[in-house]
Structure formats: C-alpha cells, structure tokens
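Novice: One structure coming up, written as structure tokens, with questions to follow.
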Amino acid sequence: NAGVTQTPKFQVLKTGQSMTLQCAQDMNHNSMYWYRQDPGMGLRLIYYSASEGTTDKGEVPNGYNVSRLNKREFSLRLESAAPSQTSVYFCASSEGVVGIYGYTFGSGTRLTVV
Amino acid sequence: RKEVEQDPGPFNVPEGATVAFNCTYSNSASQSFFWYRQDCRKEPKLLMSVYSSGNEDGRFTAQLNRASQYISLLIRDSKLSDSATYLCVVVNGDSNYQLIWGAGTKLIIKP
C-alpha cells in the first residue's frame, strides 16, 4: 500500500539549476498539493490541484511550476533554483480540497540549493 | 500576527503525565480544525479532527473554543512514543478552503 510516493528523497542543486520533483498517489484522490516546510514555520502551500486538469497557486508559488499529469501524478518544477528554495518539500493528496478525512503525505524531499 | 500560532516548546514531560497545549487562530470564519503529528524527519500524519463539541480518541482529547479562537490537545498517560511535534491545522474560512498550518509544538516524553 504505497500511498503517496515522492522522488527524489534528497537533492543538492547549484544556484540556477533546474529540477522536477515527482509525486504519485495510488488512492484515487482527486486533490493533490505541494508544500514546503522550513524551520520555525508551518507548512506553506506552493501549488495545489483540486482535481485532474486544474492547478492553482498557493501561498508561495513564485519560482515554481506544477503539472497535474493525470489523476495520479502531480509534479513540481524549479526552473532556476535559488538558495531561498532550500527546504523540505512534501507532496500530499486528499479526497477533497478541505481534506476532512486528512491529507496523506509523501515522505518528503530534502532539497539544498548552494 | 500569524494566522495560526502554537507554542513551539519543547514540552519536556515525564512518562505517564498529562500534557496539554493550545493553538490560536486569527480567522473567525475558520470552519474545520485538525491536529497532525510529525515525527522527526518524517511526514505529518493526521492525529484527529477537532469537532465543535470536543472529541476523544483513546488518550487524546481535542477541544475547540470558538469564542476565544483556540483549539487544544490533551494527552493523558503519556507514552515515550508520543514524543513528536504536534501540528495545529485550520481550514481557511475564505473561499479557497486552504489549510493553514501552525509551526508545531515539540513534545518530548522522558522515561
């Protein structure tokens, strides 16, 4: 029972490099999310996809793009990485946007930009 | 003022004790509330929803005080395995229904 699978688990980038974080869920959830978590701060929403075919900006979208490839997959792209994007990134999914049954998270990607 | 505020702790508590912590929120239109648990270097996991009438799940009790705009989590008979960071989550009362996450309260249970 995989749940939400994120890859990679760790990544070091140089400033200006690009990369894509991959996320897939096998729970047939409609909604998917990308969050970043920084020390001393709550999870902050980068982008979300309420349903297949739609994406919307969250609280901190600058410097990121997303693609909802199909119902299962939701990727996050950093076009030109900056040190301020050093963070832990979590992908999550839920049955509905409010997530009254809870969000299921992937295990996270620890990204360092040098 | 942050939309959701938590005492970061850490709360150092002996095993078997009762511990409680609060979370305050600023948007009076918020509709739904949750507690999540996050172990060190792991992903958050839903602990429990918080209902208006208060709710209990084993050793855990969650309460909501809308008038004062806070939610609380009480853990009775604490276990070593309860050591974690507890995240308060509030559903934004505006149209986009986004979740607003507190920064978490770190709990350390000592033997």
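Novice: Quick check: anything in segment B:29-39 outside any loop (DSSP other than H, G, I, E, B) and either in contact with a His (Cβ under 9 Å, 6 or more places away or on another chain) or more than 24 Å from residue A:59 (Cβ to Cβ) (or both)?
Specialist: If we filter segment B:29-39 for residues that are outside any loop (DSSP other than H, G, I, E, B), which is where we start, we get B:33-38.
Imposing the further condition that a residue be either in contact with a His (Cβ under 9 Å, 6 or more places away or on another chain) or more than 24 Å from residue A:59 (Cβ to Cβ) (or both) reduces the set to none.
No, segment B:29-39 contains no residue that is outside any loop (DSSP other than H, G, I, E, B) and either in contact with a His (Cβ under 9 Å, 6 or more places away or on another chain) or more than 24 Å from residue A:59 (Cβ to Cβ) (or both).
Novice: Looking at the structure I just gave you, is residue B:108 more than 12 Å from the chain's Cα centre (by Cα), over 20 Å from residue A:32 (Cα atoms), away from chain A (no Cβ under 14 Å) and not charged (D, E, K, R)?
Specialist: Numbers: more than 12 Å from the chain's Cα centre (by Cα): yes; over 20 Å from residue A:32 (Cα atoms): yes; away from chain A (no Cβ under 14 Å): yes; not charged (D, E, K, R): yes.
In short, yes.
Novice: Sticking with this one: Could you check segment B:98-111 and list, in sequence order, the residues that are touching a residue at least 40 places away in the same chain (Cβ under 8 Å) and surrounded by fewer than 20 Cβ atoms within 10 Å (Cβ to Cβ)?
Specialist: B:106, B:108, B:110, B:111 - these are the residues of segment B:98-111 that are touching a residue at least 40 places away in the same chain (Cβ under 8 Å) and surrounded by fewer than 20 Cβ atoms within 10 Å (Cβ to Cβ).
Novice: Hey, another quick one. Being surrounded by fewer than 20 Cβ atoms within 10 Å (Cβ to Cβ), in contact with a Ser or Thr (Cβ under 6 Å, 6 or more places away or on another chain) and within 13 Å of another protein chain (Cβ to nearest Cβ) is the filter here, so list the residues in segment A:10-52 that pass it. Spell out how you get there, then give the answer.
Specialist: Narrowing segment A:10-52 to residues surrounded by fewer than 20 Cβ atoms within 10 Å (Cβ to Cβ): A:10-20, A:22, A:26-28, A:30, A:38-41, A:44, A:50-52.
Restricting the remaining residues to those that are in contact with a Ser or Thr (Cβ under 6 Å, 6 or more places away or on another chain) gives A:12, A:16, A:20, A:22, A:30, A:38, A:50.
A:38, A:50, listed by residue number.
Novice: Right, here's the next one. I want to confirm something. Restricting to segment B:40-90 and keeping residues that are over 11 Å from the mean Cα position of the chain (by Cα) and assigned to a strand (DSSP E or B), which single residue is surrounded by the most Cβ atoms within 10 Å (Cβ to Cβ)? Reasoning before the result, please.
Specialist: Here is the first cut: in segment B:40-90, the residues over 11 Å from the mean Cα position of the chain (by Cα) are B:40-45, B:51-59, B:65-69, B:76-84.
Then drop every residue that is not assigned to a strand (DSSP E or B), which leaves B:44-45, B:55-57, B:65, B:84.
Details: B:44: 27, B:45: 15, B:55: 14, B:56: 12, B:57: 11, B:65: 13, B:84: 21.
Applying the filter and picking the extreme gives B:44.
Novice: Same structure, new question: Considering only residues that are surrounded by fewer than 21 Cβ atoms within 10 Å (Cβ to Cβ) and either in contact (Cβ under 8 Å) with a residue 60 or more places away in the chain or farther than 23 Å from residue A:52 by Cβ (or both), which ones fall in segment A:63-84?
Specialist: Selection gives A:63, A:78, A:79, A:80, A:82, A:83, A:84.
Novice: Could you figure out which of (1) within 14 Å of another protein chain (Cβ to nearest Cβ); (2) in contact with a Ser or Thr (Cβ under 6 Å, 6 or more places away or on another chain); (3) in contact (Cβ under 8 Å) with a residue 24 or more places away in the chain isn't true of residue A:55?
Specialist: (3)
Novice: Identify all residues within segment B:1-14 that are modelled with pLDDT under 90 and either in contact with a strand residue (DSSP E or B) (Cβ under 8 Å, 6 or more places away or on another chain) or part of a strand (DSSP E or B) (or both); write none if there are none. Talk me through it step by step, then tell me what you get.
Specialist: Quick first cut of segment B:1-14, residues modelled with pLDDT under 90 only: B:1-3.
The answer is B:3, and nothing else.
Novice: Could I ask something else about it? Scanning segment B:20-39 for residues that are more than 12 Å from the chain's Cα centre (by Cα) and modelled with pLDDT under 95, which turns out farthest from the other protein chains (Cβ to nearest Cβ)? Explain how you work it out, then say what you get.
Specialist: From segment B:20-39, those more than 12 Å from the chain's Cα centre (by Cα) are B:26-32, B:39; that's our starting set.
Pick out the ones that are also modelled with pLDDT under 95 and you get B:26-32.
Values: B:26: 13, B:27: 14, B:28: 18, B:29: 14, B:30: 11, B:31: 8, B:32: 6 Å.
Here the residue is B:28.
Novice: Residue B:17 - would you say it is assigned to a loop (DSSP other than H, G, I, E, B) and either under 10 Å from the mean Cα position of the chain (by Cα) or within 14 Å of chain A (Cβ to nearest Cβ) (or both)? First the steps, then the outcome.
Specialist: Values: assigned to a loop (DSSP other than H, G, I, E, B): yes; either under 10 Å from the mean Cα position of the chain (by Cα) or within 14 Å of chain A (Cβ to nearest Cβ) (or both): no.
So residue B:17 fails the test.
The values are calculated or read from the model by the stated rules, or taken from the named source; none is laboratory data. This is a predicted model, so every value here is computed, not measured. Backbone-built Cβ (ideal geometry, glycine too); neighbour counts: all protein chains shown.
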